[in-house]
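Visitor: Dropping a structure here in structure tokens format, bear with me for questions.
The values are calculated or read from the model by the stated rules, or taken from the named source; none is laboratory data. These numbers were taken from a predicted model, which means no experiment stands behind them. Cβ atoms come from the backbone with ideal geometry, glycine included; neighbour counts cover every protein chain shown. Surface areas here come from the heavy atoms of the whole protein model, side chains and all, with no ligands, DNA or RNA. Shrake-Rupley method; radii C 1.70, N 1.55, O 1.52, S 1.80 Å.
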Amino acid sequence: MILKTFGWSFAVTAGGLALAGVLWGWKGLAIVGILSILEISLSFDNAVINAGILRKMNAFWQKIFLTIGILIAVFGMRLVFPVVIVAITAKLGPIEAVDLAINDKEKYEHLVTAAHPSIAAFGGMFLLMIFLDFIFEDRDIRWLGWLERPLSKLGKLETFSVVVALAVLLISATTFATDVAHGGGDKSSTVLLAGVAGLMTYLIVGGVSEFFENKLEEDDEDDEDEDGADEKKPAETAQAKGGERGSSGATVVGLAGKAAFFMFLYLEVIDASFSFDGVIGAFAITNDIFEMALGLGIGAMYIRSLTVYLVRQGTLDDYVYLEHGAHYAIGALAAILLVTIKYEINEVITGLVGVALIGASYWSSVVRNRRAGHGGGAGSEEKTEVTSGV
């Protein structure tokens, strides 16, 4: 299972490190290795979030996520995206921006760093919305019941998460965007525009994917009502829509078609938001875009493989608080991104916060499973509210 899931990641790691050694010597090999570890530590919570979404999709779209998705993640976000940011902020043509990245690395680093406030505002608001929509949702299983219970009541107010996010953006723009550490000067208008863009991106991509997901579920319910007397029909209908038959014989429907496509886009935007701090943090190690892309790309491969591993192993069903911990880590990352508009925060701190929250949620899940009298398999549906007692 490990080799099957992580095989490509191991192969890419070996090939990538060998290539780094040939092109840049031992120093380049060390830099690429460090960048890979940095990316994995910063994005572990990304894998948990991705797994929660990916398990809703059928096998075909899971493969798309692992093939086209990884190309977008490695080459798009780790190599092309920083160059595009420089081209837009410095008002350069694509060829000029690429030439600058290759031949004038110090200026390129300066321009990318100067664009950090808008990058942080966009990514911070997108991730903040993911966190807010999660904690304001009423759910049967709660990790921090004392906190999530009252917040779920507030979430019954329509668009409450949007109001909270806009308030956070306004405070960030007026508090952190004046005399910023990256580039200097007043960036409040830039932060506001980028933050609103991040919020709109979340609402559009997330809203459209949710619309098609709900539509698919309604179609399935209609099919079951029409063909309820025929036991074969529901299974055939589900399989036609991308469903698979589980070990128990029950049909598990995976998202397909438009629903899966927009869910795929949603996954890619999440990955982009997570990659912002990794790309910016990488400049503390190197300003060579090719070393950066190779190192962060290797890390991104492991995040993809880990996502698939979590889905295939049913880890999120066995350890039910993991998804909670990942969302709290997302909330922490969103806050850190907004604070870094003005203040420098070491990437090690960012990574440790995420790992600590996920580690705590994993341990809470283990304790819960032991109390329930089993070492896993907590994925069975529960009708009553469950909390960790934390």
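Visitor: Of everything in the range 150-164 that's at pLDDT 85 or above and farther than 18 Å from Phe126 by Cα, which residue is least open to solvent (accessible area, probe 1.4 Å)?
Guide: Among those that are at pLDDT 85 or above and farther than 18 Å from Phe126 by Cα, it is Ser152.
Visitor: Another question about this same structure. State yes or no: is Ala335 at pLDDT 85 or above and not charged (D, E, K, R)?
Guide: Yes; evaluated as a whole, the condition is true for this residue.
Visitor: Pick out the one residue from Ile64, Ile72 that is out of contact with any Leu (no Cβ under 6 Å at 6 or more places or on another chain), of a type outside the set (S, T, N, Q) and open to solvent by 40 Å² or more (accessible area, probe 1.4 Å). Lay out the reasoning, then the answer.
Guide: Details: Ile64 fails: open to solvent by 40 Å² or more (accessible area, probe 1.4 Å).
Step by step, each of Ile64, Ile72 is checked, and only Ile72 is out of contact with any Leu (no Cβ under 6 Å at 6 or more places or on another chain), of a type outside the set (S, T, N, Q) and open to solvent by 40 Å² or more (accessible area, probe 1.4 Å).
Visitor: Only one of Leu294, Leu265 is at pLDDT 80 or above, among the hydrophobic types (A, V, I, L, M, F, W, C), open to solvent by 30 Å² or more (accessible area, probe 1.4 Å) and farther than 30 Å from Phe211 by Cβ; which?
Guide: One residue alone meets the criteria, Leu294.
Visitor: Condition (residue is among the polar types (S, T, N, Q), over 23 Å from the mean Cα position of the chain (by Cα) and under 27 Å from Leu337 (Cβ atoms)) applied to the range 75-93: is it met by at least one residue?
Guide: Checked against the condition, which is being among the polar types (S, T, N, Q), over 23 Å from the mean Cα position of the chain (by Cα) and under 27 Å from Leu337 (Cβ atoms), the range 75-93 yields at least one hit.
Visitor: Looking at (1) β-branched (Val, Ile, Thr); (2) open to solvent by less than 30 Å² (accessible area, probe 1.4 Å); (3) modelled with pLDDT of 85 or more, which is the one condition that is false for Val22?
Guide: Condition (2) is where Val22 drops out.
Visitor: Please find, within the range 325-344, the residue that is nearest to the chain's Cα centre (by Cα) out of those that are open to solvent by 10 Å² or more (accessible area, probe 1.4 Å) and more than 23 Å from Leu193 (Cα to Cα).
Guide: Selected residue: His327.
Visitor: Identify, from the list Val320, Val366, Val355, the residue that is of a type in the set (A, V, I, L, M) and at pLDDT below 85. Let's see the steps before the verdict.
Guide: Working: Val320 fails: at pLDDT below 85; Val366 fails: at pLDDT below 85.
Sole residue among the options that is of a type in the set (A, V, I, L, M) and at pLDDT below 85: Val355.
Visitor: Just the residues that are free of Cβ contacts under 8 Å to residues at least 12 places away in the same chain and either open to solvent by less than 20 Å² (accessible area, probe 1.4 Å) or aromatic (Phe, Trp, Tyr) (or both), please, taken from the range 1-18.
Guide: Answer for the range 1-18, where residues must be free of Cβ contacts under 8 Å to residues at least 12 places away in the same chain and either open to solvent by less than 20 Å² (accessible area, probe 1.4 Å) or aromatic (Phe, Trp, Tyr) (or both): just Phe10.
Visitor: Also, I was wondering about something else. Filter the helices (runs of 4 or more DSSP H) completely within the range 19-122 down to those with at least 3 residues that are closer than 15 Å to Ser305 by Cα and in contact (Cβ under 8 Å) with a residue 12 or more places away in the chain.
Guide: 59-71
Visitor: Looking only at the range 123-149, count every residue that is assigned to a helix (DSSP H, G or I) and under 16 Å from Gly331 (Cβ atoms) and tell me the total.
Guide: Count: 15.
Visitor: Of the conditions (1) touching a helix residue (DSSP H, G or I) at 6+ places or on another chain (Cβ under 8 Å); (2) open to solvent by 50 Å² or more (accessible area, probe 1.4 Å), Val86 fails just one. Which one is it?
Guide: So Val86 meets the others, but not (2).
Visitor: Out of curiosity, is Thr350 more than 30 Å from Lys63 (Cβ to Cβ), in contact with a Lys or Arg (Cβ under 6 Å, 6 or more places away or on another chain) and modelled with pLDDT under 80?
Guide: no
Visitor: Check off (1) open to solvent by 30 Å² or more (accessible area, probe 1.4 Å); (2) closer than 21 Å to Ile85 by Cβ; (3) modelled with pLDDT of 85 or more for Ala181 and give me the number that stays unchecked.
Guide: (3)
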